[in-house]
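First up is the structure itself, then whatever we jot down about it.
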Amino acid sequence: MPQRRSHVAPSAAQTELAAALAALRESLDAPTDFPASVVADAEASDAAVPELDLRDIPFATLDPQGSRDLDQAFHLERRDSGYTVRYAIADVPGFVAPGGSVDAEARRRGQTLYAADGRIPLHPKVLSEDRASLLADMDRPALVWNFALDSAGVVEEFRLERALIRSRAQLDYASTQAALDRGEGGPAALLPEIGALRIEQEKIRGGASLNLPDEEVTRAADGTYAIERRHPLPVEEWNAQLSLMTGMAAASLMIGAGIGILRTMPQPDEKSFEAFRHQTEALGRPWTTGAYGDYLRELDRENPMTLPILEAAASLFRGAGYVAFDGSVPPDVEQAAIAAPYAHATAPLRRLIDRWSLAICLAVSEGREVPSWVRESLTDLPALMQESGQRASRLDSATINCVEAALMTPLVGSTVDATVIEMRGERATVQIADPAVTASAPIPADTIPGAVVRLQVVRVDISRGEIEFSV
């Protein structure tokens, strides 16, 4: 569908929506505020100053505009015919005392949640947006991954070390993309080159990226809510490749040491592949040859029929989970979409599990024993992350549903055009172009994906996030 930004105008519906979103956030077992004891412990925590001083290296961060919880900073340079990539990660293990109140509260929350009316952070802001964050022009302890890449972007060697760094620039995606498009240099000058090589390596591995448009609820200065859908900028995909490369390196370290926790996902089965093939045929863009990753990469993101195809492809990216091990490496360690073993190890300010991954990788890199607190709690992590993941999914889904219901409120009693994305019996997932809403509707069973149908908006319930249609 065309990229749109749909607004809920100031009205009774807007007021009802604000109340629904506030109630939704309050219903979660993860309040925005932290207990006073947790905040006090966070304020008193202090990471040791590393012996290695890398403040002369001009690191930079790259995040959405206005971000304060900066997990990663990078530095890119040429090395003979290849490249050196330094990827610094916030030293959260150095700030959070195992068994302390900050640790306990983080385990309860699992990850930062993103609500329409504000974030629900994993750690108190004094850590996540200040003392542990890799803010520009501030000395910060960090866990620095050093990669040597050859001319094709293949990792020849890597190491991890604690170091004191100082980021020199806080970049955002939009302005960085614009600067690169103008041919300007700066900290990200080599990012397109290295990112493209790493994407090619992903293709060689047989990996696949879904890259669905972002669907984000935004709030304007006048209090009106909107759903903004946009495709990731190229600079976001190049930047993501640095994180993927680091996650694969972390996984290889943990597998080699016989202890760790990996993010896994099984290969889609033949039934799923066959169903997807039928959907691509119905949508007029048949997948007939080659790997599904190659097919997805070659789709024209500007074509309005690409979104239904990407929505259908989401069925191939299911079943992700975590597997923890200590001593015996499990047989199935691959993340199928990445086509390699992979670990979460680059966002410790926003995701609980990364702190364990980093603690393990640093101990292995330094040739010392993995900390006892890691071993004692390792098997608890999959359940903790599954619970927080389900909480985040419920929040995201319910938020989008409430906003979409509010967007459709003025249209009750009228008819709208909708594109069928996927048939499920006598109901279908449909995409409405204006306002930009994805919904479920009763559709004749013989309707094919890609068809445009006329629907009447019968009823809307903002508090429940429900939209009722009739054909």
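The table for this structure:
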item	result
Full-stretch length increase - Glu281, Glu426 - with 0.36 nm per residue and alpha-carbon distance subtracted	50.2 nm
Length released on extending from Arg79 to Gln390, taking residue separation times 0.36 nm less the Cα-Cα span	107.6 nm
Relative contact order %, the stretch 403-446, counting alpha carbon pairs below 8 Å whose residues are six or more apart	30 percent
Under 5 Å, built H, 5+ apart or other chain: amide partners of Asp63	Leu171, Asp172, Tyr173
Hz values of 3J(HN,Hα) by residue in the stretch 361-366 - Karplus curve (6.51, -1.76, 1.60), Gly and Pro given as x	4, 5, 4, 5, 5, 8
Spin-label model distance (nm) - Asp137 vs Val458, 7 Å beyond Cα toward Cβ	6.0 nm
Residues Leu210 and Ser440, FRET efficiency given R0 of 25 Å [Cβ-Cβ distance, rounded to 0.05]	0.75
Under the Karplus curve 6.51 cos²θ - 1.76 cosθ + 1.60, θ = phi - 60°, whole-Hz ³J(HN,Hα) for the stretch 446-458, x wherever Gly or Pro sits	8, 6, 9, x, x, 6, 9, 10, 9, 10, 9, 7, 8
Under the Karplus curve 6.51 cos²θ - 1.76 cosθ + 1.60, θ = phi - 60°, whole-Hz ³J(HN,Hα) for the stretch 60-67, x wherever Gly or Pro sits	9, 10, 9, 8, x, 4, x, 5
Tensor-based shape of the stretch 206-322 (alpha-carbon gyration tensor, a/c under 1.5 rounded, otherwise prolate or oblate)	oblate
Peptides 40-51, 244-255, 227-238 ordered by average Cβ neighbours within 10 Å, highest first	244-255, 227-238, 40-51
Accessible carbon and sulfur surface of the chain relative to its total accessible area, %, 1.4 Å	49 percent
Nonlocal amide H pairs with Gln335, under 5 Å, H built at 1.01 Å	Met265, Ala340, Tyr342
Environment charge at Thr409 (Cβ cut-off 11 Å; Lys +1, Arg +1, Asp -1, Glu -1)	-2
Shape of the stretch 12-97, Cα gyration tensor, a/c cut at 1.5	oblate
Options (1) 152; (2) 287; (3) 142 - which one matches volume of the Cα convex hull per residue in Å³ as calculated here	(1)
Inter-site label distance for Arg68 and Val49 at 7 Å from Cα along Cβ, in nm	2.6 nm
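The values are calculated or read from the model by the stated rules, or taken from the named source; none is laboratory data. For clarity, every value in this text was computed on a predicted model and none was experimentally measured. Please note: Cβ atoms are built from the backbone with ideal geometry, for glycine as well, and neighbour counts cover all protein chains shown. For the accessible areas, the whole protein counts, side chains as well, though only heavy atoms, and no ligand, DNA or RNA atoms are used. Shrake-Rupley method; radii C 1.70, N 1.55, O 1.52, S 1.80 Å.
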